[in-house]
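Q: Dumping the structure here so I can ask a few things about it.
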Amino acid sequence: MLRDEEAPRVETGAIRTVPVLSVSPIEEDHLFLEGIFSNYWTPFAGSHWKLHRSLSLESALIALHENPIPIVICDGDLICESDLLPGTWKEMLARMKLLPTPPLLIVTSRLADEYLWVEALNLGAYDVLAKPFDSHELSRIVSFAWLHWNDKYPTTQPKVMTAHGARCTA
């Protein structure tokens, strides 16, 4: 993975909504990510990034089964400590791999050290992000994840996300 590169900027012809799913029981995580996605970040001309929230592993998996979502940002600290079990990032990753077009998983953690990074990558996660989030690092990693997923599944178009027939809110 290219670590020292800037987040890519790609010119496209049509406006495309790219859904990203945030899985965390922590409201501040969702709010920070929404602020980055809506206010500061336009890495691809012609793209609109839409962040969707999930407080639990189970609700995230329901959304992923109903919609092709290219990127999942999952809290690696508290999802397993909360009463939202089952819910470790490892469980999330294992269950996502069963999807026809599995998204790329970015694990977030207050304790994002070399051990977690090696473990996550060896198990198949796309990357690990340290918390508190750095907006530049976040945009770079998510941008590269989107390019990677789009290269892998070029004919899959993300749709407006729904859950049980109702539109999810960001």
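The values are calculated or read from the model by the stated rules, or taken from the named source; none is laboratory data. What you see is a predicted model, and the numbers here were worked out from it, not measured in a lab. Here Cβ is always computed from backbone atoms with ideal geometry, including for glycine, and neighbour counts include all displayed protein chains.
Q: Tell me whether the stretch 25-32 contains one or more residues that are modelled with pLDDT of 55 or more, surrounded by 13 or more Cβ atoms within 10 Å (Cβ to Cβ) and over 16 Å from the mean Cα position of the chain (by Cα).
A: Checked the stretch 25-32: no residue is modelled with pLDDT of 55 or more, surrounded by 13 or more Cβ atoms within 10 Å (Cβ to Cβ) and over 16 Å from the mean Cα position of the chain (by Cα).
Q: Still on this model: Determine which single condition residue 155 fails, assuming it passes every other condition in (1) in contact with a strand residue (DSSP E or B) (Cβ under 9 Å, 6 or more places away or on another chain); (2) assigned to a loop (DSSP other than H, G, I, E, B).
A: (1)
Q: Within the stretch 38-51, identify whether any single residue is out of contact with any helix residue (DSSP H, G or I) (no Cβ under 7 Å at 6 or more places or on another chain), assigned to a loop (DSSP other than H, G, I, E, B) and at pLDDT 85 or above, and answer yes or no.
A: no
Q: Counting only residues that are in contact with a Ser or Thr (Cβ under 8 Å, 6 or more places away or on another chain) and assigned to a loop (DSSP other than H, G, I, E, B), which one in the stretch 85-124 is surrounded by the most Cβ atoms within 10 Å (Cβ to Cβ)?
A: Going through the qualifying residues, I end up with 87.
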